[in-house]
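I have placed the structure first, in the form of structure tokens, so that the comments after it can refer back to it.
The values are calculated or read from the model by the stated rules, or taken from the named source; none is laboratory data. Just so we're clear, the structure is a prediction, and the values are computed from it rather than from any experiment. Using ideal geometry, Cβ is built from the backbone for each residue, glycine included, and neighbour counts are taken over all protein chains shown.
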Amino acid sequence: MDLDWIGRNLSEGEDILGLLGLHLVLALTPVLCALVLSVPVGYLVHRTRAGAAPLLALFGIVYSVPSLALFVAIPVVIGTQILDPLNIVVALTVYTLALLVRSVVDGFRSVPVDARQAAESMGMGPVRRVLTVELPLAMPVVFAGLRVATVSNIALVSVGAVIGSGALGQLFDLGLRQAFYTPIIVGIVLIVALALLFDGVILMLQRVLLPWYRKAAA
Amino acid sequence: MNLFEFLLDPASWTGPSGIPARLLQHLLYSGAAVLLAALVAIPLGVVIGHTRRGDAVASGLSNAARAIPTLGLLVLVVTLLGTGAAPVVGALAVLAVPPVLINTVAGFRQADQEAVHAGRALGMTPWQLVRQVELPLATPLIVSGVRSASLQVIATATVAALAAAGGLGRFVVDGQRLGPEGYPQMLAGAVLVALLAIVVDLLLGGLSWQLERRRRHIRREERGDLDALRAGELAEQAAARPDTADRAGDADRPADAATVEVPAGETPDTGPRPGHR
Amino acid sequence: MTRKRWILTAAAAATALVLSACGAGSNPLEGGGASESAAPAPEAGEVVVGSANFTESQVLAELYAQAMQAQGVQATTRPNIGSREVYLTALQDGSISVIPEYTGNLLLYFDPESPASTAEEIETALEEVLAEEQLVLGTPSEATDQDVYVVTAEYSQQNQVTSLEDLADLAPDAVLGGPAELAERSYGPPGLAELYGVEFGEFRPYDAPAVKIRDLNDGKIQVATFFTTESAIGDNGYVQLEDPQGMILPQNIVPLMAPQVAQNTAAVDAMDAVSEALTTEELTALNKAVDVDRRNPGEVAGEWLASEGLA
């Protein structure tokens, strides 16, 4: 390990910190976008009943497409340039959505029939019932999916280095070019640390936002 | 310019850097890596699953494994060990071990405890118990783990092109060097690897569904009466809508929520699996 | 509207959106290396110096950019864009405005059939073809950097190879390594076959020089292309193969720029001063500081400019 190299690239160029910031933006923006989209999409899929299985199978197929393939193909669909970091964001949003829709559907399915009937008998309208009863009860499963998606995204951004925009993944490219393992190890360690950190952050958020599950979660 | 000109050009389909050759390389790397990983992970999973020791290690491994950037690991191995099939297959195999291991352990954990107890009561040796009771019950989940591993390996083998390896990723990496002229080549690589992943996913998904169905079928036949069959169907319908208690538990085990869960519906499990590609 | 209708409508709308995006049929690489959102089109007066995906190009880009900054020109760099095909597209679409170039290879890129062979002939021929491309050549430096085919000392001795001519019999059993674009270059496999009757059994593309060096030393490839300014040649004792047919043209280092930069005298003067002061030996030393000592190209370039009184 060349600690000197790390010091130089932290203090002077701010290279590593710049890449770290970019990495977080590229990994977390898709999580937010997909979370917002997945709840309505997931609810609609859930409500289609008979259609839910084939639709979920379709999302499963989307999720099985390798990330590099998606990074390369996205520009044709949305008309961006190949080096545009937007490609990474859109591709990861598609993945996260594929994963979260499944979680949302599972979440809604997990809502006990009793709870729904109780809400109905209290005279709640469908919108209110979904938002105030079903959705909160579905959230623990959604949070589980959210954690998986966030951790995968943080690792996946680095694959973008193959096509020239991989944030911390660029350190892998640099290391490979110069047969220099320090940047490679720095990249791996930072990515794993970020992933574990945000996994913890989401867990904390879950405990704060869904305090009634604290016991179950513990 | 036609974006698909590379795929449609007959010249792309011949020679040592043609599509069939690259596809074969991709399959060889991936196949060897998954096989190697299965040879390590399944026996290890059987030991952990049967003895129920090291469960925590296996589950911790699953979370950590998802956080490791595959490209980084591959590049590190190539930088330290050089190019060639062996380092690439080795690095890919390392990435394929966790999903297979975790699912093998989970398969044992979910094996019908009544059957296990019955086996023990009949005086089966631990080896007989594993071979004749636990392993058959765990097989669908093990296959599903191999499926996750295969997808991850196929995706990562694409990235291996950056480390001077062959495979379909070559088209993506080389195409980029050619400027605007090269995009059809990049896209060809992307489309081919996506198709390969989808085909493998559906094949292994179909296999795991078949196994699951046969397992249920055998169980019904053994019981041998119509009432039990009906009861079984009802139980399955109930299982399709799992109750909250189970799910609240899942919330704290994200790995399990997606990897380990066996959808009880009558459709093949094509749902998203964790792990990055 | 029933729920089913709603879903069908949404699906139709989504399909239409995707199809219309496809219908635009834009090639994602056509716009060159920099995208609009990643790197907004440079402002008037701002000079963006791009560089190719290898060390020397990044060092040269830093030299030009920092020399211009010292003269009060607003200059930035956009490193590691890619191969010639990619960065020239970026130069022509305005994503970058200057790129370090090499005279001979640049000429062959635009005119593969050009008969020019001396440095002067190449410069004259280049100016003609570049006028058509709306690009302007700066003052070429004395410093040169040619592509060169090398073999290990051991291979050279065992097989009596010192020139490209000696490879004809060996090549069918040998593997050639080089950057992916070499496969298409006139000084790559096509030129070797035409001028020397050399046809390698396999061409293996490398993105990372360090990996190529390792494979050459390990005997996984037998012949590789390098740049003459790469310290790896001397450090590993490689034998540079002679090129009696002059397949590889002389390559003087030169800035290639967009017309609006050529009108900016402060910018042109700054780059001319760099060309004037730079020698092949100094460039080799700068490359080594980055490749072997793992220093930052910007830092290395800044120190050299300061020592030359250019910044």
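Numerical summary
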item	result
Residue selected from the stretch C:237-293 under the condition of a type in the set (Gly, Ala, Ser) and either at positive phi or outside the structural domain of residue C:99 (by TED's automatic domain parsing) (or both), by the criterion modelled with the lowest pLDDT	C:246
Subset of the stretch B:24-74 (residues that are touching a helix residue (DSSP H, G or I) at 6+ places or on another chain (Cβ under 7 Å) and outside any helix (DSSP H, G or I))	B:54, B:68, B:69
Of all residues in the stretch A:187-201 being facing chain B (nearest Cβ under 8 Å) and out of contact with any Lys or Arg (no Cβ under 8 Å at 6 or more places or on another chain), the one that is farthest from residue A:143 (Cα to Cα)	A:187
First in the stretch C:111-135 and hydroxyl-bearing (Ser, Thr, Tyr), second anywhere and assigned to a helix (DSSP H, G or I), Cβ under 6 Å, 6 or more apart	C:114/C:107; C:114/C:125
Hits in the stretch B:2-18 - residues which are part of a helix (DSSP H, G or I), closer than 14 Å to residue B:190 by Cβ and either more than 31 Å from the chain's Cα centre (by Cα) or of a type in the set (Phe, Trp, Tyr) (or both)	B:6
Selection from the stretch C:175-232 of residues that are out of contact with any Gly (no Cβ under 7 Å at 6 or more places or on another chain), without any contact (Cβ under 8 Å) to a residue 12 or more places away in the chain and within 14 Å of chain A (Cβ to nearest Cβ)	C:208, C:210, C:211
Check on residue C:152, out of contact with any Ser or Thr (no Cβ under 7 Å at 6 or more places or on another chain) and modelled with pLDDT under 95	no
Which listed residue, of A:165, A:158, is outside any helix (DSSP H, G or I) and either within 11 Å of residue B:72 (Cα to Cα) or touching a residue at least 24 places away in the same chain (Cβ under 8 Å) (or both)	A:165
Any hit, the stretch B:66-83, residues being in contact with a Leu (Cβ under 7 Å, 6 or more places away or on another chain), of a type in the set (D, E, K, R) and more than 18 Å from residue A:176 (Cα to Cα)	no
Residue B:199, sole failed condition from (1) under 24 Å from residue B:108 (Cα atoms); (2) free of Cβ contacts under 8 Å to residues at least 12 places away in the same chain	(1)
Residue ID - surrounded by the most Cβ atoms within 10 Å (Cβ to Cβ), chosen from residues in the stretch C:131-183 that are assigned by TED's automatic domain parsing to the domain that holds residue C:93 and assigned to a helix (DSSP H, G or I)	C:131
Unique residue being within 13 Å of the chain's Cα centre (by Cα), closer than 25 Å to residue B:40 by Cα and assigned to a helix (DSSP H, G or I) when the list is B:147, B:109	B:147
Segments classed as helices (runs of 4 or more DSSP H), wholly inside the stretch B:150-246, with at least 2 members that are at pLDDT 85 or above, within 13 Å of another protein chain (Cβ to nearest Cβ) and over 25 Å from the mean Cα position of the chain (by Cα)	B:169-177, B:183-223
Failed item in (1) more than 30 Å from residue C:86 (Cα to Cα); (2) at pLDDT below 90, with residue A:80 passing the rest	(1)
Counted residues, the stretch B:178-200 - those being over 27 Å from residue A:60 (Cα atoms) and surrounded by fewer than 24 Cβ atoms within 10 Å (Cβ to Cβ)	4
Where residue B:21 falls short, out of the listed (1) within 14 Å of chain A (Cβ to nearest Cβ); (2) in a helix (DSSP H, G or I); (3) surrounded by 15 or more Cβ atoms within 10 Å (Cβ to Cβ)	(1)
Qualifying residue in the stretch B:121-129 (condition: within 30 Å of residue C:204 (Cβ to Cβ) and either away from chain A (no Cβ under 14 Å) or of a type in the set (Ser, Thr, Tyr) (or both))	no
Residue A:61 vs. criteria closer than 18 Å to residue B:195 by Cα, free of Cβ contacts under 8 Å to residues at least 24 places away in the same chain and either under 22 Å from the mean Cα position of the chain (by Cα) or within 7 Å of another protein chain (Cβ to nearest Cβ) (or both)	yes
Matching option when the condition is under 15 Å from the mean Cα position of the chain (by Cα), farther than 22 Å from residue B:179 by Cα, in a helix (DSSP H, G or I) and within 11 Å of chain C (Cβ to nearest Cβ), among A:39, A:101, A:89	A:89
The listed residue being at pLDDT below 50, surrounded by 24 or more Cβ atoms within 10 Å (Cβ to Cβ) and under 19 Å from residue A:85 (Cβ atoms), out of C:33, C:82	C:33
Boolean, residue A:107 is away from chain C (no Cβ under 14 Å), crowded, with 22+ Cβ neighbours inside 10 Å and not acidic (Asp, Glu)	yes
Flag for residue C:70 being modelled with pLDDT of 80 or more, among the hydrophobic types (A, V, I, L, M, F, W, C) and over 27 Å from residue C:127 (Cα atoms)	yes
Residue check, residue A:56 within 11 Å of chain C (Cβ to nearest Cβ) and either out of contact with any Leu (no Cβ under 7 Å at 6 or more places or on another chain) or modelled with pLDDT under 90 (or both)	no
Pick from the stretch A:42-84, criterion β-branched (Val, Ile, Thr) and part of a helix (DSSP H, G or I), ranking: surrounded by the most Cβ atoms within 10 Å (Cβ to Cβ)	A:72
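Residues are listed down the side, and each one gets a yes or a no for (1) modelled with pLDDT under 95; (2) more than 22 Å from residue C:181 (Cα to Cα):
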{"position": "C:39", "(1), (2)": "yes, yes"}
{"position": "C:43", "(1), (2)": "yes, yes"}
{"position": "C:54", "(1), (2)": "yes, no"}
{"position": "C:61", "(1), (2)": "no, no"}
{"position": "C:77", "(1), (2)": "yes, yes"}
{"position": "C:87", "(1), (2)": "yes, no"}
{"position": "C:112", "(1), (2)": "yes, no"}
{"position": "C:118", "(1), (2)": "yes, yes"}
